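To keep things clear, I will list the structure first and then write my remarks on it.
The values are calculated or read from the model by the stated rules, or taken from the named source; none is laboratory data. Only a predicted model underlies this, so the values are computations on that prediction, with no experimental measurement involved. Neighbour counts run over all protein chains shown; Cβ positions are idealised from the backbone, glycine included. What goes into the accessible areas is simple: the full protein's heavy atoms, side chains included, and nothing from ligands, DNA or RNA. Shrake-Rupley method; radii C 1.70, N 1.55, O 1.52, S 1.80 Å.
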Amino acid sequence: MGDTRLVWAVVAPSIAALLSAFLMLTGRRAGLSSGMGKWFDVAALLAACGGLLVEGPLLWGAHAEASLLGLTLAANPLAPAILLSVYASLLCALFIGRQTGYPPWAVVPTGSLLTAALVVQEPVVRVLCLFGAALLVAGLALGQSRPGYIEDDAERTMMAVRVAGLLKYLAGWCIGVGLLLVGVLLPALYRYNLEDRGLLQTGLAALSVGLAVCAGTMPFSAGWYDMVTASPGAATVALGAVAPSTLAVGLLILAPTAGGLHPPASLAWLGVAGVLLAGLRAVGTETSWRRQVGADSALPAAMSVALSLGWALFGVLLGSRTGASGAMLVAVNLALAVPLLTASGELRRERPRLAAVGTAVGALSLLGLPPFGGSVGTLLLAQAAVGAGGVWLFLLLLGTLLAAGGWLRWAVRPQQPMGEERRSTQAGRLGGLRRWFASPLPLLVCVLIAAQIALFFLSNQIAVPMLSWANVPWTALP
């Protein structure tokens, strides 16, 4: 008998998005007063939040298989931890995005695609679901509200940066999805041509490189820098939800494909190279116009995310249970640290001290320092790196130290205030009852800081099911 909870977990966010869109359109076109229209907006936001919050009970304890549109759905030990943190990131993106202009229903459907990517058993469908989620992220950045005419040069540049980040993001995903599909199809063909080992090895190499491109490790994270600067809501979805889910899906695809094979571990250098390149870029120089508009933390923030993704990719490709568990813990932490950084950046003008604390906690968590959420996963990855060879750990730590140097350089540099045009544009969107729902950022930052401490103490409980999973990832290795 199928477990209908898995089916509802896939479709619930989409249903909530349709309900939210209906409520917003009703409030706009029913000829209601402005006060009643605001209440319809509040109801739409609550409907979108409900579609995300219901995922916890649906995913809890779902083990049996189910069927949806002819596709087989099955729970696995990775799905609950990854998806719960991803939905938390999407929930944060709802409130962060309200300040940048797109409606709440535009965020929620991403949850359906990411859930499907993690519970559907067909690898090709998993890849296509991830690509659909990336397209929704691009739609968020493209659909962000724009005034008819902007006189300020910095604001016009900000819009250009948003479009540039969107194009880089889509270009990377188009290339990465092609590589992932090749990596999925070639091992399938190998089953009918068992004497051709090169076919399997080529497929695993394409799958690993495609995973690096889609996850956004350096040097494939050019779009992160622009998205964090010009579209923090879309960046929260892309970095806090899509990227961690991509790593988890890559691990699920690699597990049965590479079972018992040692060669994929040699591709772990992709993650190490990403860590080193992210560290080197983090100590680079921020452009002057970004400092003028108050976005001078975008470089260390984006590169810290790329650094954390590099660590996680190293664990996924290394081929050990310890490395895989550490990678998934780092992915869970990404889903909570990214919204903390983006929300703190948006809060910098209103609450500079709280924003500074949130930025510091987010940065330390991505660097893997205790007592924050990323430390346990980083420790497991370091342990796996020692088992594979001390040089791996040295290179990973070198990249992390360089990224820490980038944050230190940003911290000691005099900070520029946010540009006048950007301040007035944001402040003009807030007022009355709508102010709390459009900008609950102080409370959000405080909750995310507390979540970092909670994740630090709960990391062992999250890692135990992953370590005990017999199929994670290559059982021939310790």
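Return yes or no: is Gly223 out of contact with any helix residue (DSSP H, G or I) (no Cβ under 9 Å at 6 or more places or on another chain), without any contact (Cβ under 8 Å) to a residue 60 or more places away in the chain and assigned to a helix (DSSP H, G or I)?
Numbers: out of contact with any helix residue (DSSP H, G or I) (no Cβ under 9 Å at 6 or more places or on another chain): no; without any contact (Cβ under 8 Å) to a residue 60 or more places away in the chain: yes; assigned to a helix (DSSP H, G or I): yes.
Answer is no for this residue.
Is it the case that the stretch 202-223 has a residue that's touching a Cys at 6+ places or on another chain (Cβ under 9 Å) and either open to solvent by 50 Å² or more (accessible area, probe 1.4 Å) or of a type in the set (Ser, Thr, Tyr) (or both)? Break it down stepwise before answering.
In the first step, residues of the stretch 202-223 are kept if they are touching a Cys at 6+ places or on another chain (Cβ under 9 Å); the result is 220.
Now narrow it down to the ones that are either open to solvent by 50 Å² or more (accessible area, probe 1.4 Å) or of a type in the set (Ser, Thr, Tyr) (or both): 220.
Yes, that holds for at least one residue.
Might you let me know whether the stretch 453-472 holds any residue that is more than 30 Å from Ala75 (Cβ to Cβ), in a helix (DSSP H, G or I) and either at pLDDT below 85 or open to solvent by less than 60 Å² (accessible area, probe 1.4 Å) (or both)? Break it down stepwise before answering.
Keep residues of the stretch 453-472 that are more than 30 Å from Ala75 (Cβ to Cβ), which gives none.
Looking through the stretch 453-472, none of the residues is more than 30 Å from Ala75 (Cβ to Cβ), in a helix (DSSP H, G or I) and either at pLDDT below 85 or open to solvent by less than 60 Å² (accessible area, probe 1.4 Å) (or both).
Within the stretch 363-381, how many residues turn out to be open to solvent by less than 20 Å² (accessible area, probe 1.4 Å) and assigned to a helix (DSSP H, G or I)?
7
Could you check the stretch 226-251 and list, in sequence order, the residues that are assigned to a helix (DSSP H, G or I), of a type in the set (Ser, Thr, Tyr) and out of contact with any Pro (no Cβ under 9 Å at 6 or more places or on another chain)? Outline the logic, then answer.
Initial filter on the stretch 226-251 (assigned to a helix (DSSP H, G or I)): 226-230, 232-251.
Now restrict to residues that are of a type in the set (Ser, Thr, Tyr): 229, 236, 245-246.
Selection gives Thr229, Ser245, Thr246.
Tally time: how many residues in the stretch 186-204 are in a helix (DSSP H, G or I) and either charged (D, E, K, R) or at pLDDT 85 or above (or both)? First the steps, then the outcome.
Of all residues in the stretch 186-204, those in a helix (DSSP H, G or I) come to 186-190, 197-204.
Applying the additional criterion that residues be either charged (D, E, K, R) or at pLDDT 85 or above (or both) yields 197.
Adding up the residues that qualify gives 1.
Are any of the residues in the stretch 262-276 at pLDDT below 85, at negative phi and of a type in the set (Val, Ile, Thr)?
No: zero hits.
List the pairs whose first member sits in the stretch 333-362 and is touching a residue at least 24 places away in the same chain (Cβ under 8 Å) and surrounded by fewer than 24 Cβ atoms within 10 Å (Cβ to Cβ), whose second member is assigned to a helix (DSSP H, G or I) and of a type in the set (D, E, K, R), and whose Cβ atoms are under 9 Å apart, counting only residues at least 6 apart or on separate chains?
Arg349/Arg422; Arg349/Arg423; Ala355/Glu346
Condition first: over 23 Å from Thr4 (Cβ atoms), more than 15 Å from the chain's Cα centre (by Cα), of a type in the set (A, V, I, L, M) and at pLDDT 85 or above. Can you find one or more residues in the stretch 114-125 that meet it?
Here is the first cut: in the stretch 114-125, the ones over 23 Å from Thr4 (Cβ atoms) are 123-124.
Now narrow it down to the ones that are more than 15 Å from the chain's Cα centre (by Cα): 123-124.
Then drop every residue that is not of a type in the set (A, V, I, L, M), which leaves 124.
Restricting the remaining residues to those that are at pLDDT 85 or above gives 124.
Within the stretch 114-125, one or more residues are over 23 Å from Thr4 (Cβ atoms), more than 15 Å from the chain's Cα centre (by Cα), of a type in the set (A, V, I, L, M) and at pLDDT 85 or above.
Quick check on my filter: what residues within the stretch 159-185 are crowded, with 22+ Cβ neighbours inside 10 Å and among the aliphatic types (A, V, I, L, M)?
As a first pass, look at the stretch 159-185 and keep what is crowded, with 22+ Cβ neighbours inside 10 Å: 161, 165-166, 169, 173, 176, 180, 183.
Once the filter is applied, which keeps residues that are crowded, with 22+ Cβ neighbours inside 10 Å and among the aliphatic types (A, V, I, L, M), the stretch 159-185 yields Val161, Leu166, Leu180.
Taking the stretch 114-135, which residues are part of a helix (DSSP H, G or I), aliphatic (A, V, I, L, M) and crowded, with 23+ Cβ neighbours inside 10 Å? Please lay out each step first, then the result.
Taking the stretch 114-135 first, the residues part of a helix (DSSP H, G or I) are 114-119, 123-135.
Retained after the next criterion (residues that are aliphatic (A, V, I, L, M)): 114, 116-119, 124-125, 127-128, 130, 133-135.
Scanning the stretch 114-135 gives Leu114, Ala116, Ala117, Leu118, Val119, Val127, Leu130, Ala133, Ala134.
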